[in-house]
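The values are calculated or read from the model by the stated rules, or taken from the named source; none is laboratory data. Given the structure is predicted, the values throughout are model-derived calculations rather than measurements. Here the Cβ is made from the backbone with ideal geometry for all residues, glycine too, and neighbour counts use every protein chain on show. Ligands, DNA and RNA are excluded from the accessible area calculation, which covers all protein heavy atoms including side chains. Shrake-Rupley method; radii C 1.70, N 1.55, O 1.52, S 1.80 Å.
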Amino acid sequence: MEQAIAFRPAETVPSPDRANLGPATRLLFVGPAEAVPDYARAGVRLVAALAPSDAAAHIRAMIAVDIVWLADADAIDEPSLADIAAAVIERDCRLVCETGLAALDRVAAAIPPAVRAEWLVEADAADRLVALAAASPGAAFAVHDVARDEAMERIDRLQEEVARISRLLGDLAGQRGLAGGSGGLAMPPSDDPGRAVSLRSPGRDYAAAPRSFVPEDRATDRQRAKAVRRLLRQRRIREQYFPADLFADPAWDMLLDLYAARLERRPVSVSSLCIAAAVPATTALRWIKTMTDAGLFVREADPNDGRRIFIALADGAADAMTRYFEALEE
């Protein structure tokens, strides 16, 4: 089947950093051949470079594929994008999706939550390496410390920061915490002592459409929303006098923005939340994915526009934020 479809000759790139990982990750690139990045440091075997119209059929016909890379997702029409996403789910492989910020909401809505996706927006070489490391089967966790590069360190710092925030919110929520009564997020033990422990979403049911609100306590909510917005403005003003990355805390900025939006009864799109994070969009998307996997954020469909999704606080996270601000007011 695979041999019947024309594609670029496969090229295996040896990498001493990845020598202990076994066969190179098999990657299908969707986009022009000249746009294929240099994967020399990632130990990736490029099996094909295809046009979007041919991608879904090729994915289904391949003997094996680990990663599908969409180089210019915002230029792909919606039926083709949906078909590619369906093929990725069928083959149980991972997706790396590059898009522009202007088209982010449309593309994000077209990629179902079941797709294990890494997002890139105006990405640089380091961002691409991080995405490949995160998407490669087992790759992000098998590299020895002596061979770790900046990309691996960034992934570790991301996981550690989300774990810290999850523990803090769990403590604030108490028995009504994020794990549905345990007071925090469950972190299962790892069989491999060198493997980073990942956060898992608690078993909760969330409404697919934006939640409805009762009109009571609106005055309190409005006052608290103003206080949260004031705090966000103070954080942005601080960046006018100090380097922005000195106090970069995208997880907290996004929690504040989503909490204020919840109090204001307004939805928040993916692109809007990326802007609120005050970091590059690729970094913000990685945080959104991690926070969603941790059960802090939830995706909600826009009932008026199927080409857009909203991001909202999970009920446990919202309860923890309420308790946090109540504690500040005491």
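Structure summary
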quantity	calculated
Integer Hz, Karplus 6.51/-1.76/1.60 couplings in order for region 117-131, x for Gly and Pro	10, 10, 9, 10, 10, 6, 7, 9, 4, 5, 4, 5, 5, 4, 4
Placed amide H near Glu118: partners under 5 Å, 5+ positions off or other chain	Leu95, Val96, Cys97
Selection from Ala244, Ser272, Thr282 lying farthest towards where the dipole of region 227-289 points positive, charges on Cβ	Ser272
Under-5 Å amide H pairs with Arg45, H placed in peptide plane, nonlocal only	Thr25, Arg26, Leu27
Glu326 accessible area, 1.4 Å probe, all protein chains in place, Å² to nearest 10	90
List Arg218, Arg262, Arg286, ordered by accessible area with a 1.4 Å probe, largest first	Arg218, Arg262, Arg286
Length released on extending from Ala33 to Arg222, taking residue separation times 0.36 nm less the Cα-Cα span	62.8 nm
Per DSSP, loop chymotrypsin sites (Phe, Trp or Tyr not before Pro) in region 223-330 with at most 15 further Cβ within 10 Å	Tyr241
3J(HN,Hα) from dihedral phi, region 306-322, Karplus parametrisation 6.51/-1.76/1.60, rounded to Hz, x for glycine, proline	x, 8, 9, 10, 10, 10, 9, 6, 5, 4, x, 5, 5, 5, 5, 5, 4
Carbon plus sulfur fraction of accessible area for region 236-330, probe 1.4 Å, in percent	53
Ranked packing of 106-113, 120-127, most packed first, by mean Cβ within 10 Å	106-113, 120-127
